[in-house]
Amino acid sequence: MKALVTGSAGLIGSEAVRFFSKKGFDVVGIDNNMREVFFGKSASTLWSKNKLIKELPAYRHIDLDIRDKSAIEKLFTKNKFEIIIHTAAQPSHDWAASDPETDFTVNAHGTLVMLEAFRKYSPQAVFVFTSTNKVYGDMPNQLPFLEFVDRYDLPKNHRFYNGIDESMSIDKSTHSLFGVSKASADLLVQEYGKYFGLKTASFRGGCLAGPWQSGARLHGFIAYLIRCVITGEKYIINGYKGKQVRDNIDSYDLVNAFYHFYKNPQSGEAYNIGGGRHSNISMLEAVGKIEKITGKKANLEYRDIPRKGDHIWYISDISKFKKNCPDWDFKYNIDDILERMCREIGERVRR
């Protein structure tokens with residue numbers, strides 16, 4: 001059995017490499033450390049790449065750009081894959097506005113290149129795409145939120161109280177350019193399933209978290225916040241009084257969801273996936289918990305201007321995925337996630 005993982009040195013990619021290697025797959029990973037290009041040296045994933053190569057002697061790493069059609073096709077002609085896990089992306093809401101062309105070519109065109117190679121050379125495989133809840137734009141901000149001391153939330157009788165499901169419209173909202181490029185890729189993945197009858201799924205993630213993340217100011221809110229608290233760097237909270245809420249899913253739980261879909265694949269599906277009511281947190285709540293775990297005080301600055309198109313509150317309704325894969329469940333909650341991340345990030349900072 002052979003698996004291909006794009007973005008293999010990133011948070012979800014590296015978790016997928018470890019997970020599928022343990023399941024007995026021969027894993028090929030491609031990653032050219034574009035994260036450092038996007039966010040600077042502190043966000044480099046070279047440490048993660050080197051760690052994978054050291055830990056997993058059978059793992060094969062290739063420095064490759066997913067937009068390089070000829071190189072991707074050459075890779076596919078030499079390998080027959082059972083599963084393709086596509087996590088490579090420009091992942092930042094904010095960065096996309098600084099270079100829309102790179103954002104779109106990486107996220108949308110790069111996904112098209114991957115899909116075409118999959119269709120031509122490994123059509124029997126399962127194609128899993130790491131999408132985002134940003135495909136819904138700021139449409140969730142129209143919900144009737146209640147304000148509490150340290151978070152916003154919905155009334156308990158609201159139909160989305162347990163999370164936003166896939167019926168949420170992706171139209172008539174501000175997505176950010178990142179949201180648009182990812183929505184384009186998301187639709188392509190669905191269409192290759194529905195039009196060509198291939199086994200594909202877009203997993204629309206909330207906040208993805210875990211110990212292998214290289215957090216940066218423009219992406220990876222919990223990882224970056226933890227690093228700032230540990231090092232004393234200033235952390236800027238943008239708008240909504242710091243009461244904005246995100247659900248957080250551990251990278252292991254997300255990759256395990258990919259595996260369950262692989263065992264029971266569908267054609268052209270889209271799933272909202274995140275921590276749901278099981279694992280969510282506001283910015284202020286996260287600060288408090290991380291301060292308690294690390295024993296350090298956060299150096300905070302508040303700016304009363306939210307990021308354009310940003311969510312006030314987002315919790316995922318994962319019931320559609322659970323219906324398709326009832327044996328899947330969470331291993332980690334938000335407290336577990338924070339404990340693991342504080343420990344791992346703290347060790348990396350001290351090296």
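The values are calculated or read from the model by the stated rules, or taken from the named source; none is laboratory data. Bear in mind the structure is a predicted one, so any value in this text is a computation, not a measurement. Here the Cβ is made from the backbone with ideal geometry for all residues, glycine too, and neighbour counts use every protein chain on show.
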Could you go through the stretch 246-255 and let me know if any residue there is among the aromatic types (Phe, Trp, Tyr) and under 17 Å from Cys228 (Cβ atoms). no
Candidate set from the stretch 273-310 (those that are within 27 Å of Ser202 (Cβ to Cβ) and modelled with pLDDT under 95); member that is nearest to the chain's Cα centre (by Cα): Asp310
Which pairs have Cβ atoms under 9 Å, sit 6 or more apart or on different chains, and link a residue in the stretch 111-137 that is surrounded by fewer than 23 Cβ atoms within 10 Å (Cβ to Cβ) and charged (D, E, K, R) to one that is at pLDDT 95 or above and part of a loop (DSSP other than H, G, I, E, B)? Arg119/Phe196; Arg119/Leu198
Quick check on my filter: what residues within the stretch 300-335 are free of Cβ contacts under 8 Å to residues at least 40 places away in the same chain and crowded, with 16+ Cβ neighbours inside 10 Å? Lys322
Phe203: crowded, with 22+ Cβ neighbours inside 10 Å, modelled with pLDDT of 95 or more and in a helix (DSSP H, G or I), yes or no? no
Of (1) more than 20 Å from Ala96 (Cα to Cα); (2) touching a residue at least 60 places away in the same chain (Cβ under 8 Å); (3) touching a Leu at 6+ places or on another chain (Cβ under 9 Å), Lys199 satisfies all except one. Which? (3)
Failed item, numbered, when Phe39 is tested on (1) touching a residue at least 24 places away in the same chain (Cβ under 8 Å); (2) more than 23 Å from Ala223 (Cβ to Cβ): (2)
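Residue-wise test of (1) touching a Phe, Trp or Tyr at 6+ places or on another chain (Cβ under 6 Å); (2) modelled with pLDDT of 90 or more; (3) in a loop (DSSP other than H, G, I, E, B); (4) surrounded by 20 or more Cβ atoms within 10 Å (Cβ to Cβ).
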residue	(1), (2), (3), (4)
Leu208	no, yes, no, yes
Pro211	no, no, yes, yes
Ser214	no, no, yes, yes
Ile226	no, yes, no, yes
Val229	no, yes, no, yes
Ile237	yes, yes, no, yes
Asp247	no, yes, no, yes
Asp253	yes, yes, no, yes
Filter the stretch 311-336 down to the residues that are assigned to a helix (DSSP H, G or I) and of a type outside the set (Gly, Ala, Ser) and list them by number. Lys320, Phe321, Lys322, Lys323, Asn324, Ile334, Asp335, Asp336
Given the condition hydrophobic (A, V, I, L, M, F, W, C), at negative phi, in contact with a Leu (Cβ under 6 Å, 6 or more places away or on another chain) and surrounded by 16 or more Cβ atoms within 10 Å (Cβ to Cβ), answer yes or no: does some residue in the stretch 79-92 qualify? yes
Which of (1) basic (Lys, Arg); (2) touching a helix residue (DSSP H, G or I) at 6+ places or on another chain (Cβ under 6 Å); (3) under 17 Å from Asp165 (Cα atoms) does Lys322 not meet, given it meets every other one? (2)
Enumerate the helices (runs of 4 or more DSSP H) found wholly within the stretch 1-111, keeping only those where 1 or more residues are over 22 Å from Asp250 (Cα atoms) and not acidic (Asp, Glu). 34-39, 46-55, 69-77, 100-104
